[in-house]
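Everything below concerns the one structure shown next.
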Amino acid sequence: MNGWQLALFSLFTLISLGLVAWLCLSQRLAGSPRRCTLVDKARALVGRRLRLESDLHAGSGHARLDDAVWDVRAEQQLAGGVKVEVVATDGLTLLVRPCRCPASALIMDAE
């Protein structure tokens, strides 16, 4: 490697490292966007409607919504196949109640 090639390589390396450091520092100072957690995704499901796949035992069970199986909890025993609405979350558990909307207005999010 010639002397001028080594100098040019060193110059480009320093410029590249400087740019990367500047980008990282500017993102840190500007406050990088908050990462979405699984709990945030659970909260986003409030208001969604689904049909229970199986009976809830002691008010707890599981239900499929989109491509995930979620823990669900209700204040009363519910049979499988009942249409429910997510009303709140408790960590990663969806709190549901029987859906009170007319069948014609129900757009099922998951079947």
message = Among the numbered criteria (1) without any contact (Cβ under 8 Å) to a residue 24 or more places away in the chain; (2) more than 21 Å from the chain's Cα centre (by Cα), which one does GLY81 miss?
response = (1)
ask   = Just for the stretch 1-50: of the residues that are of a type in the set (Lys, Arg) and modelled with pLDDT of 85 or more, which one is nearest to GLY91 (Cα to Cα)?
value = ARG48
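The values are calculated or read from the model by the stated rules, or taken from the named source; none is laboratory data. Small disclaimer: the values here were computed from a predicted structure and weren't measured. Cβ sites come from the backbone with ideal geometry, for glycine too, and all protein chains shown count toward neighbours.
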